[in-house]
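Structure record follows, encoded as structure tokens.
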Amino acid sequence: MSTTILVIEDEPAIQELISVNLSYAGHKVLRAFDAEQAQTLIRAELPDLILLDWMLPGASGITLAKKLRSDDRTRQVPIIMLTAKGSEHDKIEGLEAGADDYITKPFSPKELMARIKAVLRRRAPQLTDDIVKIGTLSLDPATHRVTGDGVTLTIGPTEFRLLHFFMTHTERVFSRAQLLDQVWGDHVFVEERTVDVHIRRLRKALEPTGHDSHIETVRGAGYRFTAQKPVHPN
């Protein structure tokens with residue numbers, strides 16, 4: 001699944017190498033040479049993951065990581081630090097600043113891709129291509145196929161993304177605003193009631209196999225996807 005990755009690296013050759021490999025792997029790449037440029041890009045579009053160089057002109061990567069973690073909007077965005085510093089002390093400093101992982105230069109593109117996949121699987125599973133199964137409901141991001149009790153269900157692209165997010169974040173209540181940010185993107189401006197429309201469509205798509213009952217409306221709060229499919233008396 002395509003994700004948006006912000007590469008913050010001041011060395012043009014390294015930035016280019018990383019960006020080319022990310023693009024080749026199907027990711028959308030945003031590039032910044034310093035913290036100021038990075039923050040301008042983030043204000044316009046929240047990335048799914050940030051590759052952040054430790055040594056930057058002006059504000060350091062550590063300073064920027066701390067700033068991103070102190071802001072509600074960017075607090076949950078996964079960060080992987082890129083650095084030539086390899087000591088345990090430096091690694092701890094990077095992790096304490098809010099980084100999710102740490103990769104020491106020089107590194108191979110293969111290692112970087114593996115680290116990105118591991119961090120996304122841990123922090124943002126809805127952005128991976130892993131098959132998700134909840135009971136007899138199965139979703140395959142690679143083939144864009146949803147099956148319930150072995151029956152293929154017809155589902156639209158937005159409903160698919162919504163279901164993927166729900167199935168990777170079960171039992172938690174999400175407000176309409178949170179679902180808009182997570183499924184549509186925080187740079188997309190649509191009415192919160194749009195969520196209700198797509199929830200109705202999703203329930204209808206899941207109805208043939210009874211899996212619509214996984215989606216619960218929590219009055220005054222939003223929606224929750226429960227892993228336990230309720231059994232309704234006849």
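Observations on the model:
- Of Ile199, Ile42, Ile14, the one that fluctuates the most in a GNM where the chain has Cα springs shorter than 10 Å: Ile14
- Linear extension gain, Gln228 paired with Val197, 0.36 nm per residue minus alpha-carbon span: 8.8 nm
- Per-pair calculated FRET efficiency, R0 = 30 Å: Arg122 and Lys66 via Cβ, rounded to 0.05: 0.90
- Compared with the alpha-carbon gap, the fully stretched path from Thr154 to Glu207 is longer by 18.0 nm at 0.36 nm per residue.
- Summing charges over all other residues whose Cβ lies under 15 Å from the Cβ of Arg200, with Lys and Arg as +1 and Asp and Glu as -1, gives -2.
- Note on semi-axes √(5λ) of the Cα gyration tensor in Å: of the candidates (i) 41, 18, 16; (ii) 24, 20, 19; (iii) 37, 18, 16, the value calculated from this structure sits at (iii).
- Contact order relative to length of the chain, as percent, for alpha carbon pairs under 8 angstrom and 6 or more apart: 13 percent
- Cut-off under 5 Å, modelled amide H: who pairs with Tyr102 long-range: Met81
- Fully extended contour minus Cα-Cα distance, from Ser23 to Gln37, at 0.36 nm per residue: 3.0 nm
- Of Lys105/Lys133; Lys28/Lys67; Lys28/Lys66; Lys66/Lys105; Lys67/Lys105, those spanning more than 28 Å from alpha-carbon to alpha-carbon: Lys105/Lys133
- Extent along principal axes [Cα atoms of region 132-225; Å; largest to smallest]: 35, 27, 20
Rule-based calculations on the coordinates, nothing more; no lab input. From a predicted model like this one, the values you see are computed outputs, not experimental measurements. For neighbour counting, all protein chains shown are included, and Cβ atoms are generated from backbone atoms with ideal geometry for every residue, glycine included.
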